[in-house]
1. Return the lysines within reach of Lys195: Cα separation strictly under 19 angstrom, same-chain partners fewer than 8 residues apart disregarded; answer none if there are no such residues.
2. Positive end of the charge dipole of the stretch 110-224 (Lys, Arg +1 and Asp, Glu -1 on Cβ, about the Cα centre): tell me which of Ile170, Leu200, Gly124 has its Cα farthest that way.
3. Could you work out the helix-only [θ] at 222 nm for the chain, with each DSSP H run of four or more residues adding -39,500 (n - 2.57) and the total divided by the number of residues, to the nearest 500 deg cm²/dmol?
4. How would you classify the stretch 68-201 from its alpha-carbon gyration tensor, with a ≥ b ≥ c the square roots of the eigenvalues: rounded for a/c under 1.5, else prolate if a/b is greater than b/c, otherwise oblate?
5. In debye to the nearest 20, how big a dipole does the stretch 110-224 give about its Cα centre with +1 on each Lys and Arg Cβ and -1 on each Asp and Glu Cβ?
6. Scan the chain and report its longest stretch carrying no trypsin sites (Lys or Arg not before Pro) that are both in a DSSP loop and have at most 13 other Cβ atoms within 10 Å.
7. Most mobile of Asp167, Asp354, Asp38 per a Gaussian network model of the chain (Cα springs, under 10 Å)?
8. By per-residue mean of other Cβ atoms within 10 Å, what is the highest-first order of 323-330, 243-250?
Amino acid sequence: MAVGHSINQRVVVIGAGIGGLTTAALLARRGYDVTVFDQAYVPGGCASTFKRRGFTFDVGATQVAGLEPGGVHQQIFAELDIPLPAATHCDPACAVYLPGETTPISVWRDPAAWRAERQRQFPGSERFWQLLAKLFQASWRFQGREPVLPPRSPWDLWQLVSAVRPDTLITAPFTFSTVGQLLRAFGLQGDRRLKTFLDLQLKLYSQVGADETALLYAATALGVSQAPQGLFHLEGSMQVLSDLLVAALERDGGKLLMRHTVKQIQSTQGRVTGVTVRDQKTGDIRTQPADIVVGNVTVQNLVTLLGDDAPAGYRRRVEKLADSSGAFVVYLGVERAAIPADCPPHLQFLYDYDGPIGENNSLFVSVSRPGDGRAPEGKATVIASSFTDLNAWQQDNYDRRKQHYTDTAIAKQGE
Ligand SMILES: Cc1cc2nc3c(=O)[nH]c(=O)nc-3n(C[C@H](O)[C@H](O)[C@H](O)COP(=O)(O)OP(=O)(O)OC[C@H]3O[C@@H](n4cnc5c(N)ncnc54)[C@H](O)[C@@H]3O)c2cc1C
């Protein structure tokens, strides 16, 4: 498809998070007539930022993968012909503190250093890690060939079949396995430190622990921290990613309308015809016609937006999903002097082994670097998040719960 060639198709993208903006910018680049609606004030969704008293805080995401040569962001930015944002490596990607321990498990970027670290930390587990690394390599190459999963059309099926190579076959027996099953297969289910480390790290990526995380997904999530991949800390803030995507979208004729809530996806005889949108500033409700609608929102929101047009099977699957995990986040501006000079940018703490990881017993902490654009001279930002059960916030006194969480998070960081 020719770049910049005008295609007579109108696309509406719902949601200006990284996913929606990437889709919109790529489609505009390929000549589609694209309009993006988002209900928030600023684009970026869970990867946006806000400012307070001279500090810039990343709202949700704080570290990025895929900026290395051949990485997903690098490929997308090359196609959009925009520069990659400046970033530094997170090395270690994370420093994980288990209960009662004062030395962290450091997830180093250098593969040899990480191998030495895990052999020291988790004796007897190397065969488990070696298999994980093999699965990562094979599934990384498979994902790089852009298969469509699950396939829904002959074209999807063709993409999928073309992505399979002999080396993909090593992953086949593990398609439906979990990390917990692999631990048991290697007799490691009783290794409490290893299991807890995996639970903590996997919860960041999949929102569930080792027993429930799909093995192939975990192999990728755990494998991207090492070279030649790696996790990155963006200069400026996370917002630079969305800002660059918005610039590319608008350069190629696309439109972004913030503070516009899509109320409904309209369709006739199974084909979308447009969306109903409410302008939050004026309260006006109008119809935006479209030939294609991309809903980059949660599946629950998508079902609501489709209303009676949601396919019954899809609606049932969504209704059966377990409640999603929430994050409680405390944003702090602190004196730089209060932070050790060699503090890694990301730390994870578990305070006791009892009970499930989440409410009140764990923290994920991100710390800004001097000169990274987030804090004034001599200061730093500290963002501390913990997993939380969203239902409890609806049942319990919201303000009391918020105060309790805030006090706990601040007290724990001081320790
Ligand atoms: C606390 C936290 C920490 C995280 N840390 C990391 C990290 O370090 N690294 C990492 O890679 N990932 C991290 N993530 C995950 C990452 O932020 C998300 O996966 C990613 O940003 C999701 O992007 P998205 O575009 O798919 O969706 P979202 O960012 O959720 O965007 C959806 C957008 O749709 C809009 N919207 C929804 N409904 C409507 C409607 N009806 N009309 C108009 N607009 C609508 C919303 O306003 C929102 O802007 C973290 C997430 C959280 C919450």
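1. List returned: Lys203.
2. Final value for the positive-end residue is Gly124.
3. It lands at -10500 deg cm²/dmol.
4. oblate
5. 220 debye
6. 282-415
7. Asp354
8. Output ranking for 323-330, 243-250: 243-250, 323-330.
Values in this text are rule-based calculations from the coordinates and carry no lab data. Everything numeric here is computed off the predicted structure, so don't read it as measured data. Note that each Cβ is placed from the backbone with ideal geometry, even for glycine, and that neighbours are counted across all protein chains shown.
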